[in-house]
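These notes concern the structure reproduced below.
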């Protein structure tokens, strides 16, 4: 029997790697989100992009696919594909921008607004349950995540 392969890592075990732990935590959290959103008919990414669309429309004026992509820190091509699916579900409208024909202006439909209002309550309840274990560390945890996002 050969000796185990020595991987070139500074960590004694995978659970010491912040990237591996973040990946695991994200997977667990995403499973919770799928369960929470099941009755809404939305995937988690659809939920995030619909919520982003509503937020930007209500707080930022003209909302383009590029603005949604930047706001959500999401790949522009993926955003385009998901917005198309939200349009097919009659949850958003995508209209060509008269000033820039390459850009789409995106706005939620009334159906989209009603659905996101219900879905936000469900997602926030699931988040509260999932993150409750952090207790008083929630603020520091959220700030650490913000720091990671803003530095990249």
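Every number in this text was worked out from the coordinates using simple rules, so none of it is lab data. All figures in this text were calculated on a predicted structure; none of them were measured in a lab.
Between region 13-27 and region 48-92, what is the separation of their alpha carbon centroids in Å?
One Cα centre to the other: 29 Å.
Can you tell me the convex hull volume per residue for the chain, based on C-alpha atoms, in Å³ to the nearest whole number?
Residue-normalised Cα hull volume stands at 190 Å³.
Considering every pair of different Cα atoms, what Kirkwood radius, in Å, is found for region 112-152?
Over region 112-152, the inverse of the mean reciprocal pair distance is 11.9 Å.
Using a Gaussian network model on the chain with a 10 Å cutoff between Cα atoms, which of 134, 93, 83 fluctuates the most?
134
On average, how much area does the Cα convex hull of region 11-93 cover when viewed from any direction, in nm²?
6.7
In percent, how large is the relative contact order of region 41-119, given Cα pairs closer than 8 Å and 6 or more residues apart?
33
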